[in-house]
Amino acid sequence: MEKEITFILNNQSVSVQTDTMRRLLDVLRDDLGITGTKEGCGEGECGACSVLLNGKLVNSCLIPVGSIEGDEVLTIEGFKLTKRFTVLEAAFAEAGAVQCGFCTPGMLMAAEALLTHNPKPEEAEIRDAISGNLCRCTGYNMIVEAIQIAGQRGDGLW
Amino acid sequence: MVNTYHPKELEEALAIRAREKTILLAGGTDLMVKRKNWSGLLPEFQLPVLFLNEIEELKKINRKEQFLKVGAAITLSDLLREELIPEVLKEAIREMASPAIRNLATLGGNICNASPAGDTLPFLYATDATLVLKSLTGERKMSVDAFIHGPGKTAIREDEILTEVIIPINTFNKAYFKKVGTRKANAISKLSFVGLARVSEAKVEDIGICFGAVGPTIVRRKEIEAKIIGTGLSELAGLIPEIVRLYEPCIKPIDDQRSKAFYRKTVSLRILEFFLNTLNQ
């Protein structure tokens with residue numbers, strides 16, 4: 001069903017005229033040019049399409065866009081403008097947590113979701129928080145380390 | 001291209017259900033995968049979709065005496081934050097999917113999806129949970145066991161919505177959950193087990209034992225449980241081989257891409273044995 005759907009994308013109101021059952025992922029990438037959000041598996045297994053919906057981590061490939069009328073969506077493009085991103089970016093670089101980079105936007109959204117609720121996470125908590133995000137390059141240890149470093153450096157930011 | 005409805009009130013949703021055939025979508029984490037299409041194309045829904053995610057009435061949890069009334073559209077993440085939810089159910093939920101999926105997926109969805117591997121189901125069967133199904137014409141209550149007929153098949157009528165799950169609490173003092181899967185996150189169960197028991201100093205007062213993913217629906221055998229109830233704790237150890245033997249023909253798993261029938265059966269019975277051995281500790 002075609003409809004105008006309005007939601008807050010990266011702190012700005014956007015309206016799209018589209019079918020309500022289209023995946024948020026497709027609307028972001030194809031209609032709005034927000035290509036930081038990646039499609040990996042398209043079935044919620046890999047986390048490459050992770051975004052924050054009203055502050056909660058979700059897979060944008062599982063969300064019909066008609067269900068998010070008036071909601072707040074944060075993608076890596078919006079998160080990039082924050083100081084918290086700068087801290088995470090430096091920590092990811094330092095720990096060597098990025099290789100091919102395909103999982104990185106989703107990983108960063110998962111890290112942000114974790115640190116917002118738990119600024120000083122234990123290793124097990126980090127592993128649980130990124131358990132829905134697959135990375136085929138790093139073997140995860142560097143990503144876990146990066147999030148730990150960000151937690152320490154970002155004192156007071158989260 | 002299908003119509004979609006996004007009601008904010010249950011009454012409105014029930015009125016839509018009464019007048020046309022719809023597909024109910026709560027969290028969508030199973031439906032959007034089952035009906036996924038090629039990248040960029042619309043998911044394949046053949047009927048209008050009725051969204052339940054904006055109905056606040058379906059997201060409440062209340063305690064009434066010895067019962068918890070859990071709204072069917074409450075997400076798994078919200079259940080984990082809820083003090084009233086029994087720890088053994090939380091254990092099962094923590095091993096379901098991933099944080100991002102738990103933020104969308106609902107308890108009612110796990111029930112109505114009626115997968116043999118649905119990880120909240122063994123707990124709901126073991127506690128004799130009751131489901132509340134509402135329609136414009138009234139409400140029906142039935143046990144989860146009567147509601148689920150087989151994989152993907154339930155007793156829900158085309159005009160009904162599952163609104164509430166009623167879970168008896170504090171009926172057990174021993175609880176054990178075990179899920180066996182390929183990896184920790186996003187793995188569908190090869191098999192799962194819930195054992196609940198009320199044990200006094202001398203004997204087993206009550207017991208509920210359920211196996212998931214080893215048959216078309218959750219396996220629970222009340223007639224075997226009846227034989228365990230009343231057993232003195234000192235005699236229990238001697239009785240365990242006999243109990244395991246009674247369960248043996250009831251566990252009838254299949255070979256599929258996740259696991260083999262032989263593995264599923266062997267491990268299910270070992271977990272049962274382990275659980276029974278913990279009762280006198």
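Odds and ends about this structure:
- Filter result (part of a loop (DSSP other than H, G, I, E, B) and crowded, with 19+ Cβ neighbours inside 10 Å) within the range B:252-281: B:P253, B:S259, B:L279
- Strands (runs of 3 or more DSSP E) wholly inside the range B:1-66 containing at least 1 residues that are surrounded by fewer than 18 Cβ atoms within 10 Å (Cβ to Cβ): B:23-25, B:61-64
One line per residue, one yes/no per condition, for (1) aliphatic (A, V, I, L, M); (2) within 22 Å of B:G181 (Cβ to Cβ):
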site	(1), (2)
B:S77	no, yes
B:I85	yes, yes
B:R102	no, yes
B:A105	yes, yes
B:P116	no, yes
B:F123	no, yes
B:T130	no, no
B:D145	no, no
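- In the range A:24-56, residue most open to solvent (accessible area, probe 1.4 Å) [restricted to those that are at the interface with chain B (Cβ under 7 Å from one of its Cβ atoms) and more than 9 Å from the chain's Cα centre (by Cα)]: A:D30
Yes or no, residue by residue, for (1) surrounded by fewer than 23 Cβ atoms within 10 Å (Cβ to Cβ); (2) among the hydrophobic types (A, V, I, L, M, F, W, C); (3) part of a strand (DSSP E or B); (4) in contact with a Lys or Arg (Cβ under 6 Å, 6 or more places away or on another chain):
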site	(1), (2), (3), (4)
B:L84	yes, yes, no, yes
B:V88	yes, yes, no, no
B:E91	yes, no, no, no
B:A97	no, yes, no, no
B:D145	yes, no, no, no
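- Filter result (part of a loop (DSSP other than H, G, I, E, B) and more than 10 Å from chain B (Cβ to nearest Cβ)) within the range A:1-23: A:N10, A:N11
- Subset of the range A:57-83 that is surrounded by fewer than 20 Cβ atoms within 10 Å (Cβ to Cβ) and outside any helix (DSSP H, G or I) - its residue that is nearest to the other protein chains (Cβ to nearest Cβ): A:E69
- Given (1) part of a helix (DSSP H, G or I); (2) surrounded by fewer than 21 Cβ atoms within 10 Å (Cβ to Cβ), index of the condition B:T182 fails: (1)
Per-residue answers, yes or no, for (1) closer than 22 Å to A:S60 by Cα; (2) assigned by TED's automatic domain parsing to the domain that holds A:N59; (3) crowded, with 20+ Cβ neighbours inside 10 Å:
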{"site": "A:T86", "(1), (2), (3)": "no, no, no"}
{"site": "A:A91", "(1), (2), (3)": "no, no, yes"}
{"site": "A:L115", "(1), (2), (3)": "yes, no, yes"}
{"site": "A:E123", "(1), (2), (3)": "no, no, no"}
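The values are calculated or read from the model by the stated rules, or taken from the named source; none is laboratory data. The shown structure was predicted, so the numbers you read here are calculated from the model rather than taken from an experiment. All Cβ positions, glycine included, derive from the backbone under ideal geometry; neighbour counts span all protein chains shown. For the accessible areas, the whole protein counts, side chains as well, though only heavy atoms, and no ligand, DNA or RNA atoms are used. Shrake-Rupley method; radii C 1.70, N 1.55, O 1.52, S 1.80 Å.
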